[in-house]
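These notes are about the structure you will find just below.
The values are calculated or read from the model by the stated rules, or taken from the named source; none is laboratory data. These numbers come from a predicted model, not from an experiment. Backbone-built Cβ (ideal geometry, glycine too); neighbour counts: all protein chains shown. SASA here: full protein model, heavy atoms, side chains in, ligands and nucleic acids out. Shrake-Rupley method; radii C 1.70, N 1.55, O 1.52, S 1.80 Å.
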Amino acid sequence: MSDPIQIRMGGYGPATTGFSRALQRIGDRLTAQFGDRLDIKYVWNIMELGFKAEDILWLVEHGMLTLGYQSSSYLTDRVPELSFVDLPFLFADNDKARGAMDGALGRRLVQAVESKANFRILGWYENGFRHISNRVRTIRTQADLKDMTIRVLPSQIQKRTFELLGAKPMIMDLTDAIRMIKAGEIDAQENPLTNTVTYGVHKFHRFHTISNHFYISRPIFLHRPTFDGWPDDLKAAMQRLVNEAVAFQRGLHEQEEKDAEQAIRAQGCEIVTLDAEQHKAFAAAVQPIYQETRSRYGELFELIKV
């Protein structure tokens with residue numbers, strides 16, 4: 001009997017997160033279907049092993065992990081097309097964002113990633129809409145952000161967005177951001193509420209603003225030579241189970257956001273939501289970024305038209 005095929009799946013959050021639970025779901029169903037043909041291993045949080053969050057990219061690309069996920073912004077330096085989905089206020093709601101990522105836009109971005117990296121992209125987890133938290137003051141207007149240092153993902157589009165809003169954006173890995181937030185060396189960060197709570201940021205940031213400024217996805221990527229070398233039935237099963245896991249994770253994310261809001265309030269923090277006029281003012285302030293990038297991303301804009 002031949003040795004089982006080992007599949008090593010990893011991420012950068014606790015086993016309790018929706019991302020990890022969705023990986024577990026994939027593994028459980030693979031085991032149920034293939035039994036002893038497979039050996040499933042998990043590394044829930046690579047940061048606990050001394051890695052940075054961004055390291056999951058090379059860990060998968062070089063085959064040390066078989067499958068991982070990471071916010072698309074971490075790949076924008078290698079895959080410029082991914083910068084398009086870092087544009088602020090690009091999607092009005094979850095349905096429009098999910099439809100785009102599951103449709104023509106998502107397929108085009110998969111092609112772009114696979115042409116430049118040693119991955120197979122099988123689907124898009126939802127990191128979701130991002131909000132601002134900080135230790136300084138309530139944020140309701142652009143003026144409230146003036147000169148505030150804020151951590152952003154490794155994306156020039158995101159950096160430019162917060163420059164236009166008057167803040168002082170600092171690109172850094174999640175590992176460094178958590179350390180600096182705890183030390184009080186940076187004023188603010190932006191994340192879905194779930195991430196803010198998962199990484200304990202709400203224990204250091206009193207002020208939270210529901211701004212919905214970016215919608216970010218996390219591609220689920222596999223080491224391409226490994227995936228391509230699998231038997232056809234395993235490849236087909238993995239694609240099917242990733243599709244199911246995406247829907248599962250997105251459902252979990254909706255509840256996680258509600259639970260995170262409760263945790264933030266229980267910590268004694270303030271949560272404010274931008275009203276329609278405030279939201280409109282933020283969107284207007286970043287319009288120059290659309291003028292600067294429209295010629296670069298013209299094709300991609302066409303793919304999200306309804």
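Go through the stretch 166-219 residue by residue and tally those that are free of Cβ contacts under 8 Å to residues at least 24 places away in the same chain and over 25 Å from L109 (Cα atoms). Show your work before the answer.
Residues of the stretch 166-219 that are free of Cβ contacts under 8 Å to residues at least 24 places away in the same chain, as a first pass: 167-172, 178-179, 182-183, 185, 200.
Checking which are over 25 Å from L109 (Cα atoms) leaves us with 167-170, 178-179, 182-183, 185, 200.
Qualifying residue count, the stretch 166-219: 10.
Take the conditions of a type in the set (D, E) and touching a residue at least 24 places away in the same chain (Cβ under 8 Å) and apply them to D39. Does it pass?
Values: of a type in the set (D, E): yes; touching a residue at least 24 places away in the same chain (Cβ under 8 Å): yes.
Answer is yes for this residue.
Is it fair to say G229 is of a type outside the set (S, T, N, Q), on the phi > 0 side of the Ramachandran plot and either without any contact (Cβ under 8 Å) to a residue 24 or more places away in the chain or in contact with a Cys (Cβ under 7 Å, 6 or more places away or on another chain) (or both)? Even if it seems obvious, please write down each step before you answer.
On the way: of a type outside the set (S, T, N, Q): yes; on the phi > 0 side of the Ramachandran plot: no; either without any contact (Cβ under 8 Å) to a residue 24 or more places away in the chain or in contact with a Cys (Cβ under 7 Å, 6 or more places away or on another chain) (or both): yes.
In short, no.
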Report summary line: Reported set for the stretch 150-175 where residues are open to solvent by 40 Å² or more (accessible area, probe 1.4 Å) and closer than 17 Å to S71 by Cβ is Q156, K159, M170, I171, T175
Query raised in the report: So which residues in the stretch 162-185 are within 21 Å of the chain's Cα centre (by Cα), aliphatic (A, V, I, L, M) and closer than 25 Å to A281 by Cα, if there are any at all?
Result: M170, I171
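Among the residues of the stretch 100-109, count how many are free of Cβ contacts under 8 Å to residues at least 12 places away in the same chain and surrounded by 14 or more Cβ atoms within 10 Å (Cβ to Cβ).
Step one: filter the stretch 100-109 for residues free of Cβ contacts under 8 Å to residues at least 12 places away in the same chain, giving 107.
Checking which are surrounded by 14 or more Cβ atoms within 10 Å (Cβ to Cβ) leaves us with none.
Qualifying residue count for the region: 0.
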Requested in this report: Out of the residues in the stretch 110-148 that are touching a Phe, Trp or Tyr at 6+ places or on another chain (Cβ under 8 Å) and basic (K, R), state the one that is surrounded by the fewest Cβ atoms within 10 Å (Cβ to Cβ).
Outcome: R137
Query - Residues that are touching a residue at least 40 places away in the same chain (Cβ under 8 Å) and more than 26 Å from T226 (Cα to Cα), drawn from the stretch 69-93 - result: S83, F84, V85, D86, L87, P88, F89, L90, F91
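Return the only residue of A97, A92 being modelled with pLDDT of 95 or more and among the aliphatic types (A, V, I, L, M).
Values: A92 fails: modelled with pLDDT of 95 or more.
Only one candidate qualifies: A97.
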Report task. Would you tally the residues in the stretch 263-277 being open to solvent by 40 Å² or more (accessible area, probe 1.4 Å), of a type outside the set (D, E, K, R) and part of a helix (DSSP H, G or I)? Result -> 2
**Report entry** Residue match in the stretch 113-122 (condition: over 14 Å from the mean Cα position of the chain (by Cα), over 24 Å from Y12 (Cα atoms), hydroxyl-bearing (S, T, Y) and in a loop (DSSP other than H, G, I, E, B))
**Finding:** no
Report summary line: Going through the stretch 278-306 in order, the residues found to be open to solvent by 60 Å² or more (accessible area, probe 1.4 Å) and assigned to a loop (DSSP other than H, G, I, E, B) are R294, S295, R296, K305, V306
Report task. Among the strands (runs of 3 or more DSSP E) lying completely within the stretch 1-80, list those that include at least 2 residues that are of a type outside the set (A, V, I, L, M, F, W, C) and either surrounded by fewer than 19 Cβ atoms within 10 Å (Cβ to Cβ) or at pLDDT below 95 (or both). Result -> 38-43
